[in-house]
Amino acid sequence: QVQLVESGGGLVQPGGSLRLACAASGSIFDLYFMGWYRQAPGKQRDMVATITRRGITNYADSVKGRFTISRDSAKNTVYLQMNSLKPEDTAVYYCRAQYGLNIHWGQGTQVTVSA
């Protein structure tokens with residue numbers, strides 16, 4: 001069983017930056033396909049960024065050029081660096097880990113972009 005714990009959310013002004021972290025338990029972190037998703041009030045949960053075991057990344061069009069996903073195998077942690085934040089980035093951000101058919105979610109961390 002994998003447990004995911006997100007951190008790093010908060011309130012930031014438009015144009016600001018935040019870095020989210022997702023710490024994963026377990027010894028097979030390297031095998032997991034990792035991702036960040038977000039859900040705004042009244043909307044569905046959408047993919048923000050994903051990273052494969054080998055470090056291949058994919059981003060939603062709305063965050064390309066602003067967000068960067070990375071993973072640190074030594075720390076069993078995946079990060080989401082968010083720059084040039086916009087009010088429309090406001091949402092609860094969730095970490096997701098997938099290995100085969102096994103999918104695990106973190107509890108989410110709130111990101112609010114407001115002046």
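The values are calculated or read from the model by the stated rules, or taken from the named source; none is laboratory data. Computed from a prediction, not measured in an experiment: that's the story for all the values here. Backbone-built Cβ (ideal geometry, glycine too); neighbour counts: all protein chains shown. Heavy atoms of the whole protein, side chains included, go into the accessibility calculation; ligands, DNA and RNA do not. Shrake-Rupley method; radii C 1.70, N 1.55, O 1.52, S 1.80 Å.
Pop a pseudo-label 7 angstrom from the Cα along the beta-carbon direction at both A115 and S62 and give the gap in nm to one decimal.
2.1
Report, as a whole number in µm² per second, the diffusion coefficient that Stokes-Einstein gives for region 47-113 at 4 °C and 1.567 mPa s using the Kirkwood radius over alpha carbon pairs.
100
What percent does the relative contact order of the chain come to when contacts are Cα pairs within less than 8 Å and at least six residues apart?
37
Name the residue from Y93, A49, Q39 whose Cα lies farthest towards the positive end of the charge dipole of the chain, charges +1 on Cβ of Lys and Arg and -1 on Cβ of Asp and Glu.
Value: A49.
For A74 and R53 in one chain, what is 0.36 nm times their gap in residues minus the Cα-Cα distance, to one decimal in nm?
Taking A74 through R53 to full extension adds about 6.2 nm, to one decimal.
At 1.4 Å probe size, with the rest of the protein present, what percent of the exposed accessible area of the chain is carbon and sulfur atoms?
It is 49 percent, rounded to a whole number.
Name the most mobile residue of Y99, Y37, Y79, meaning the one with the largest mean-square fluctuation, in a Gaussian network model of the chain with Cα contacts below 10 Å.
Maximum among the listed residues: Y99.
So with the 1.4 Å probe, I'd like the accessible area per residue for the chain, rounded to whole Å².
54
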